[in-house]
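Trainee: The structure follows.
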Amino acid sequence: MRTLSGKARLAGVLGWPVSHSRSPRLHGFWLARHGLDGAYLPLPVRPERFEAAVRSLVDLGFAGANVTIPHKEAAFALCDEVTEVARRAGSVNTLVFRDGRISGTSTDGFGFLESVREQAPGWQASNGPAVILGAGGAVRSVAAALLDAGCPRLILVNRTPARAEAIARDLGGPVEVATAPRLADAALLVNGTSLGMAGEPPLEIDLSPLPPHAVVADMVYVPLETRLLAAARARGLRAVDGLGMLLHQARPGFEAWFGVAPNVDAELRAFVLQDLQ
Ligand SMILES: NC(=O)c1ccc[n+]([C@@H]2O[C@H](COP(=O)([O-])OP(=O)(O)OC[C@H]3O[C@@H](n4cnc5c(N)ncnc54)[C@H](OP(=O)(O)O)[C@@H]3O)[C@@H](O)[C@H]2O)c1
């Protein structure tokens, strides 16, 4: 068992509820793979106890934590410092504790870009416009990451247009809000809504206007092969599933807490998938 500082390191995920989170399985896999002396725990915390719980983790010597629904905005508010991407997203999913201070970042956008690069080799954000369906917390982080990576134009389409307009206002730059997806010159189509998720209504969209080089990405990962992705593949388009984003967004936190940069590979995907199916 390797210890990097002579003592076991601790991290976890705060959510309410938290039993659905795949993060303990994912980080547990990496801890075992690298033979590290540490633990990553599910931490069910009610919203009204969130701040007290985080301060207790700092006192207990935790290295940090992930934050999931419904705590991402509260986490942003209590950080001593946040990264630029977290500031633009207005939310935090990864906390790092050092010398009693709490730093926060948002890694969903990073995870999304890494996943598209992995599953659609050769794709670059600068290839052309991206159309994003949805305007929730995950879309905020992904939209900021796409702009930072050089995407020339973002088109946001959401059931509640005011939420998309707020993102466009907060991000600035080449972001438009549309009432219907304009796919004819899109290099990337992203589903950032919960439509298509098991138990939710399907996402109804006609992919025929997309150009042949377009990539279609779904943030939904249950089921892994959504109807959107199946339709994209049937049209000969490259399709990127939501599991890659889930795995890659976890990398920066693991490295910050446990001191080792972990990899996403087929063995990890299969291990996490066993739990999803
Ligand atoms: N793969 C990953 O690692 C990862 C990470 C984070 C999130 N996700 C997935 O990303 C999706 C969004 O997550 P989030 O955290 O951003 O959630 P959120 O903040 O609750 O946003 C949900 C989005 O879905 C839209 N929506 C929900 N029901 C709809 C319906 N019946 N018709 C049309 N639009 C509908 C909402 O539109 P309104 O604004 O009109 O309500 C909103 O844009 C979820 O599927 C989540 O599982 C995946």
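The values are calculated or read from the model by the stated rules, or taken from the named source; none is laboratory data. Worth saying up front: this structure is predicted, and the values here are computed from it rather than measured. Please note: Cβ atoms are built from the backbone with ideal geometry, for glycine as well, and neighbour counts cover all protein chains shown. In case anyone asks, the SASA skips ligands and DNA or RNA and just uses the protein heavy atoms, side chains included. Shrake-Rupley method; radii C 1.70, N 1.55, O 1.52, S 1.80 Å.
Trainee: Could you run the Karplus curve 6.51 cos²θ - 1.76 cosθ + 1.60 with θ = phi - 60° over the range 68-76 and give me ³J(HN,Hα) per residue in whole Hz, x for Gly and Pro?
Mentor: 10, 3, x, 9, 5, 6, 4, 5, 4
Trainee: Here's something else I'd like to know. Using 0.36 nm times the number of residues separating TRP16 and ARG49, minus their current alpha carbon distance, what extension gain do you get? Don't skip to the end; give the middle numbers.
Mentor: Details: separation 33, 0.36 × 33 = 11.88 nm, distance 1.05 nm.
Contour length minus Cα-Cα distance gives 10.8 nm.
Trainee: Follow-up question, since we're still on this one. Pop the C-beta distance of ALA149 and ARG235 into the FRET formula with R0 = 30 Å and round what comes out to the nearest 0.05. Write out the running numbers ahead of the final one.
Mentor: Details: r = 25 Å, r/R0 = 0.84.
Taking R0 as 30 Å, the efficiency between ALA149 and ARG235 is 0.75.
Trainee: For a label point 7 angstrom out from the Cα of ALA8 toward its Cβ, which stretches of the range 31-56 have the backbone nitrogen within less than 20 Å?
Mentor: Those under the cut-off are 31-44, 56.
Trainee: Between THR160 and ARG33, what is the spin-label point distance in nm, taking each point 7 Å from the Cα along the Cα→C-beta axis?
Mentor: Going from the THR160 label point to the ARG33 one covers 3.7 nm.
Trainee: Leaving ligands, DNA and RNA out of it, report the carbon-plus-sulfur percent of the accessible area of the chain at a 1.4 Å probe. Write down the numbers at each step before the final one.
Mentor: Values: 6440 of 12260 Å².
Of all accessible area on the chain, carbon and sulfur atoms account for 52 percent.
Trainee: Shifting gears a bit: Please get the size of the charge dipole for the range 109-244, origin at its Cα centre, with Cβ charges of +1 on Lys and Arg and -1 on Asp and Glu, quoted in debye to the nearest 20.
Mentor: 140 debye
Trainee: Another question about this same structure. Using only helices, what value at 222 nm comes out for the chain when you add -39,500 (n - 2.57) per DSSP H run of length 4 or more and divide by the total residues, to the nearest 500 deg cm²/dmol?
Mentor: On the way: 11 runs with 104 residues, N = 277.
Rounded to the nearest 500, it is -11000 deg cm²/dmol.
Trainee: Enter the angle in degrees (range 0 to 90, nearest 10) between the Cα long axis of helix 266-276 and the first principal axis of the Cα atoms of the chain, meaning the one along which they spread out most.
Mentor: Between helix and principal axis, roughly 90 degrees.
Trainee: For LEU60 and ASP275, what is the calculated FRET efficiency with R₀ set at 25 Å and r taken between the beta-carbons, to the nearest 0.05? Please report the intermediate quantities before stating the final value.
Mentor: Working: r = 27 Å, r/R0 = 1.10.
Once the sixth-power term is evaluated, E becomes 0.35.
Trainee: Whenever you get a sec, line up SER19, SER208, SER91 from highest to lowest accessible area (probe 1.4 Å, protein heavy atoms).
Mentor: On the way: SER19 110, SER208 75, SER91 10 Å².
Ranking SER19, SER208, SER91 by accessible area, largest first, yields SER19, SER208, SER91.
Trainee: Shifting gears a bit: Return the Rg/Rh ratio of the range 109-244 with Cα-based radii and a Kirkwood Rh. Don't skip to the answer; put the middle values down first.
Mentor: Numbers: Rg = 13.3 Å, Rh = 14.5 Å.
With Rg and the Kirkwood Rh in hand, the quotient comes to 0.92.
Trainee: Rounded to the nearest 20 debye, what is the charge dipole size of the chain about its Cα centre when +1 sits on each Lys and Arg Cβ and -1 on each Asp and Glu Cβ? If you can, show how the numbers build up before the last one.
Mentor: Values: 27 positive and 27 negative charges, 44 e Å.
Dipole about the Cα centre, nearest 20: 220 debye.
Trainee: Counting only the heavy atoms of the protein chains, how much of MET197 is accessible to a 1.4 Å probe, in Å² to the nearest 10?
Mentor: In the full protein context, MET197 sits at about 80 Å².
Trainee: Quick one: compute a quarter of the convex hull surface over the Cα atoms of the chain and quote it in nm².
Mentor: Hull-based average projected area comes out at 14.2 nm².
Trainee: Taking the Cα centre as origin and putting +1 on Lys and Arg beta-carbons and -1 on Asp and Glu beta-carbons, what dipole magnitude results for the range 178-261, to the nearest 20 debye? Display every interim value, and only then the final one.
Mentor: On the way: 6 positive and 8 negative charges, 35 e Å.
Dipole of the range 178-261, to the nearest 20 debye: 160 debye.
Trainee: A follow-up question, please. Could you tell me the calculated FRET efficiency between ARG98 and ALA198, based on Cβ-Cβ distance and R0 = 35 angstrom, to the nearest 0.05? All intermediate terms of the calculation are to be shown ahead of the outcome.
Mentor: Details: r = 39 Å, r/R0 = 1.11.
Efficiency computed from Cβ-Cβ geometry: 0.35.
Trainee: Just for the range 1-141, what percent of DSSP beta bridges are antiparallel, to the closest 5?
Mentor: Details: 8 of 20 bridges.
Here the antiparallel bridges make up roughly 40 percent for the range 1-141.
Trainee: Moving to a separate point now. Counting only C-alpha contacts under 8 Å and six or more residues apart, can you give the relative contact order of the chain as a whole percent? Display every interim value, and only then the final one.
Mentor: On the way: 550 pairs, mean separation 45.7, N = 277.
That works out to 16 percent.
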